[in-house]
Amino acid sequence: MLLVIVAAGTWYYLSHRAPGAGETIPIYYTKLDGKTLAEMRVSMRPRQPDESAVERLHNVVLYAAVQALAGPPNDVQAIRFPPGTRVLEASVTGSTATLDLSKNLEQQAGGTFGENGEFKALVYTITGIEGIDAVQILVEGNRLETLPGGNFELDQPLHRSDW
């Protein structure tokens, strides 16, 4: 009888607590060598009772993208997105996340090396989300062939295998 009461109490507690409470996701950043990825974990808010699976995926992708653009704390040496770069919109179609980023993105001072480092970290962060395999980058709503430096192609979705 005691076992049944404990089992029922455990079931009730686990089924009625806030879904996703205490959940964290990895946010990647590229170290200054341009090759090494490091990870920091950020907390997610609990899933809201009226939040559908589609809405949750959108919200997780948007939050992860914002965190990836912000990067690690300032005292951590890492390749960073240009100051002021923002996520204007995020959407998910199938297994591809589309991120619309602000034009500040085009001000990367590190050339191909910097672009490679920042996008590697962003793609690893977003494709680390269950159900996302690729990331399409837009700049101010437009699909660009490359950034102004002309070395990093953005006209097709990016995958982890690109690095």
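The values are calculated or read from the model by the stated rules, or taken from the named source; none is laboratory data. Note that the structure is a prediction, hence the values are computed from the model and not measured. Note: ideal-geometry Cβ built from the backbone for every residue, glycine included; neighbour counts use all protein chains shown.
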Legend entry - Answer residue from the stretch 117-145, given it is surrounded by 14 or more Cβ atoms within 10 Å (Cβ to Cβ) and more than 16 Å from the chain's Cα centre (by Cα) and is modelled with the highest pLDDT among those: Val139
Inset, instruction - Using the structure shown, decide if Arg86 is of a type in the set (D, E, K, R) and either surrounded by fewer than 14 Cβ atoms within 10 Å (Cβ to Cβ) or at pLDDT below 90 (or both). - result: no
Legend entry - Residues satisfying the stated conditions in the stretch 33-47, i.e. touching a helix residue (DSSP H, G or I) at 6+ places or on another chain (Cβ under 9 Å), surrounded by 14 or more Cβ atoms within 10 Å (Cβ to Cβ) and assigned to a loop (DSSP other than H, G, I, E, B): Gly34, Met44, Arg47
Legend entry - Residue count for the stretch 55-86, restricted to those that are closer than 18 Å to Pro26 by Cα and under 14 Å from the mean Cα position of the chain (by Cα): 18
Inset, instruction - Kindly list, by first and then second residue, each pair from a residue in the stretch 58-78 that is aromatic (Phe, Trp, Tyr) to a residue that is in a loop (DSSP other than H, G, I, E, B) and surrounded by fewer than 18 Cβ atoms within 10 Å (Cβ to Cβ), limited to pairs with Cβ atoms under 8 Å and residues at least 6 apart or on different chains. - result: Tyr63/Met44
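For (1) surrounded by 11 or more Cβ atoms within 10 Å (Cβ to Cβ); (2) in a helix (DSSP H, G or I); (3) modelled with pLDDT under 90, each residue gets a yes or a no:
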{"residue": "Tyr28", "(1), (2), (3)": "yes, no, no"}
{"residue": "Pro49", "(1), (2), (3)": "no, no, yes"}
{"residue": "Val61", "(1), (2), (3)": "yes, yes, no"}
{"residue": "Asn74", "(1), (2), (3)": "no, no, yes"}
{"residue": "Val92", "(1), (2), (3)": "yes, no, no"}
Inset, instruction - Assess whether Thr98 counts as being crowded, with 17+ Cβ neighbours inside 10 Å, in a strand (DSSP E or B) and at pLDDT 90 or above. - result: yes
